[in-house]
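> Below are the structure tokens for one structure; questions will follow.
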């Protein structure tokens, strides 16, 4: 008999890699130096925070500003960056820096990690991801610094600008705004144009995906040359944002937005239409939203962003394929046509499988949590979908969940990110 070296599949390697990063992060966060109090952090809470950061979710049991020290915050930021662009991208970056060759096995993993279709050109795509990430996060830092430096001083303002630029681009939802009240996120900046537009820009660019950037650059911004995936992502994402913003305005104009001026209302509606696409920041109190807005937010969190991006959810492309599949059924035809392109039936089957799997997880987890938690179905359902879509928005129940529910939420976040 010949001894054959067993190698993990691409998905197994990615899942195991994220698990290793999570465990490493939890061991650092549990240290006394990671908390402002200087005491040891409960390991389960450190593990939850590490999972949320690595899975770029943003659900937290402790307010990031008030509980974690600078060291702890930097560990969280590191985990967000690794989780946002993928640990394989980080490993590849170091390999290129030391001149190590990337083999076929590693290239297969990179294809899965980035959502690319083929191995050819994967190293070029990795370089674009790294350069693009640095570019957008640097631009976000500069724009945030314009607002934060005058308010907080130069050094502190730069630190806040870097942290929130990385967190926003990676769609993580972690913030350091707890000085305005624990778990307050960006509610003190509801009407701030610079902060809102910068945040929206970073969330959108992080959420459309690396493949879209690459195609746009290779097409030299010529819309006619964009491939189908790019067109679907850009058009569907834009339509979802516009329609959702209008609906949030209609649902909240006599409720949460009743005391806002026109400009503040527009910004709040627009921000709320973008952030559920797995960003996790909020400029309004989520718990005070009307039931219609809560349901709309759940739907947006479920859909998520684009394949090969920092976003979670079933992905906007999956949503579009299902939508056009339904339309083809109503027309009594087996052809699924998007524009001039005809899609294979296997894509619809794959999309329906993803939708069914996500739906099953949401229903099962919500049923289990409702049985052990005192919170309403609306609050539990919102929390579960937020975790699975790696969004990070919450009605405020996360830090009040029992250890069993927190463990379940951790597993859901991990599942959603893999």
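The values are calculated or read from the model by the stated rules, or taken from the named source; none is laboratory data. These numbers were taken from a predicted model, which means no experiment stands behind them. Reconstructed Cβ throughout: ideal geometry from the backbone, glycine too, with neighbour counts over all protein chains shown.
> Scan segment 243-254 and tell me whether some residue there is surrounded by 15 or more Cβ atoms within 10 Å (Cβ to Cβ) and modelled with pLDDT under 95. Don't jump to the end; show me each part of the working.
Residues of segment 243-254 that are surrounded by 15 or more Cβ atoms within 10 Å (Cβ to Cβ), as a first pass: 244-245, 247-249, 251-252.
Okay, now just the ones that are also modelled with pLDDT under 95, so none.
No, every residue in segment 243-254 fails to be surrounded by 15 or more Cβ atoms within 10 Å (Cβ to Cβ) and modelled with pLDDT under 95.
> Condition check: surrounded by fewer than 16 Cβ atoms within 10 Å (Cβ to Cβ), assigned to a helix (DSSP H, G or I) and at pLDDT 80 or above. Does residue 151 satisfy that?
Numbers: surrounded by fewer than 16 Cβ atoms within 10 Å (Cβ to Cβ): yes; assigned to a helix (DSSP H, G or I): yes; at pLDDT 80 or above: yes.
Judged against the criteria, residue 151 is a match.
> Here's a follow-up. Among the residues of segment 318-329, are any under 20 Å from residue 171 (Cα atoms) and surrounded by 14 or more Cβ atoms within 10 Å (Cβ to Cβ)? Steps first, please.
To start, the set of residues in segment 318-329 that are under 20 Å from residue 171 (Cα atoms) comprises 318-319.
Right, trim to surrounded by 14 or more Cβ atoms within 10 Å (Cβ to Cβ) and you get 318-319.
Yes; the residues of segment 318-329 include at least one that is under 20 Å from residue 171 (Cα atoms) and surrounded by 14 or more Cβ atoms within 10 Å (Cβ to Cβ).
> Can you name the number of the only condition in (1) out of contact with any strand residue (DSSP E or B) (no Cβ under 7 Å at 6 or more places or on another chain); (2) farther than 15 Å from residue 235 by Cα that residue 325 fails?
Here residue 325 meets the rest and fails (1).
> In addition: Can you confirm whether residue 334 is closer than 29 Å to residue 136 by Cβ and in contact with a helix residue (DSSP H, G or I) (Cβ under 8 Å, 6 or more places away or on another chain)?
It is false that residue 334 is closer than 29 Å to residue 136 by Cβ and in contact with a helix residue (DSSP H, G or I) (Cβ under 8 Å, 6 or more places away or on another chain).
> May I ask you to verify whether residue 168 is in contact (Cβ under 8 Å) with a residue 40 or more places away in the chain, within 22 Å of residue 63 (Cα to Cα) and either over 23 Å from the mean Cα position of the chain (by Cα) or part of a helix (DSSP H, G or I) (or both)?
Values: in contact (Cβ under 8 Å) with a residue 40 or more places away in the chain: yes; within 22 Å of residue 63 (Cα to Cα): yes; either over 23 Å from the mean Cα position of the chain (by Cα) or part of a helix (DSSP H, G or I) (or both): yes.
Here the answer is yes, as residue 168 does meet what is asked.
> Just a yes or no: is a residue in segment 163-184 modelled with pLDDT of 90 or more, out of contact with any strand residue (DSSP E or B) (no Cβ under 9 Å at 6 or more places or on another chain) and more than 26 Å from residue 398 (Cβ to Cβ)?
Within segment 163-184 (the criterion being modelled with pLDDT of 90 or more, out of contact with any strand residue (DSSP E or B) (no Cβ under 9 Å at 6 or more places or on another chain) and more than 26 Å from residue 398 (Cβ to Cβ)), the answer is no, since none of the residues qualifies.
> State yes or no: is residue 41 touching a helix residue (DSSP H, G or I) at 6+ places or on another chain (Cβ under 9 Å), in a loop (DSSP other than H, G, I, E, B), closer than 22 Å to residue 408 by Cβ and in contact (Cβ under 8 Å) with a residue 12 or more places away in the chain? So that I can check it myself, show each step before the final result.
Numbers: touching a helix residue (DSSP H, G or I) at 6+ places or on another chain (Cβ under 9 Å): yes; in a loop (DSSP other than H, G, I, E, B): yes; closer than 22 Å to residue 408 by Cβ: yes; in contact (Cβ under 8 Å) with a residue 12 or more places away in the chain: yes.
For residue 41, the condition - touching a helix residue (DSSP H, G or I) at 6+ places or on another chain (Cβ under 9 Å), in a loop (DSSP other than H, G, I, E, B), closer than 22 Å to residue 408 by Cβ and in contact (Cβ under 8 Å) with a residue 12 or more places away in the chain - is met.
> Please find, within segment 1-23, the residue that is modelled with the highest pLDDT out of those that are closer than 24 Å to residue 74 by Cα and surrounded by 15 or more Cβ atoms within 10 Å (Cβ to Cβ).
Top of the filtered list is 22.
> Could you list, in sequence order, the residues of segment 184-220 that are in a loop (DSSP other than H, G, I, E, B), free of Cβ contacts under 8 Å to residues at least 40 places away in the same chain and touching a helix residue (DSSP H, G or I) at 6+ places or on another chain (Cβ under 7 Å)? Step through it out loud before you land on a result.
Just the residues of segment 184-220 that are in a loop (DSSP other than H, G, I, E, B), to begin with: 184-186, 190-192, 209, 219-220.
After this cut, where a residue has to be free of Cβ contacts under 8 Å to residues at least 40 places away in the same chain as well, the list is 184, 219-220.
Correct list: 184, 219.
> Inspect segment 398-412 for any residue being modelled with pLDDT of 95 or more and farther than 30 Å from residue 166 by Cα and give the result as yes or no.
Yes, there is a match, as at least one residue in segment 398-412 is modelled with pLDDT of 95 or more and farther than 30 Å from residue 166 by Cα.
> Is it fair to say residue 260 is farther than 30 Å from residue 122 by Cα, in a loop (DSSP other than H, G, I, E, B) and modelled with pLDDT of 90 or more? Before you say what the answer is, go through the steps one by one.
Values: farther than 30 Å from residue 122 by Cα: yes; in a loop (DSSP other than H, G, I, E, B): yes; modelled with pLDDT of 90 or more: yes.
Here the answer is yes, as residue 260 does meet what is asked.
> Still on this structure: So which of 235, 197, 266, 298 ends up being more than 21 Å from the chain's Cα centre (by Cα), at pLDDT 90 or above and surrounded by fewer than 22 Cβ atoms within 10 Å (Cβ to Cβ)? Don't jump to the end; show me each part of the working.
Numbers: 235 fails: more than 21 Å from the chain's Cα centre (by Cα); 197 fails: more than 21 Å from the chain's Cα centre (by Cα); 298 fails: more than 21 Å from the chain's Cα centre (by Cα).
The unique qualifying residue is 266.
> In this structure, does residue 46 turn out to be modelled with pLDDT of 80 or more, part of a helix (DSSP H, G or I), more than 19 Å from residue 168 (Cα to Cα) and touching a helix residue (DSSP H, G or I) at 6+ places or on another chain (Cβ under 9 Å)? Walk me through it before giving the result.
Details: modelled with pLDDT of 80 or more: yes; part of a helix (DSSP H, G or I): yes; more than 19 Å from residue 168 (Cα to Cα): yes; touching a helix residue (DSSP H, G or I) at 6+ places or on another chain (Cβ under 9 Å): yes.
Answer is yes for this residue.
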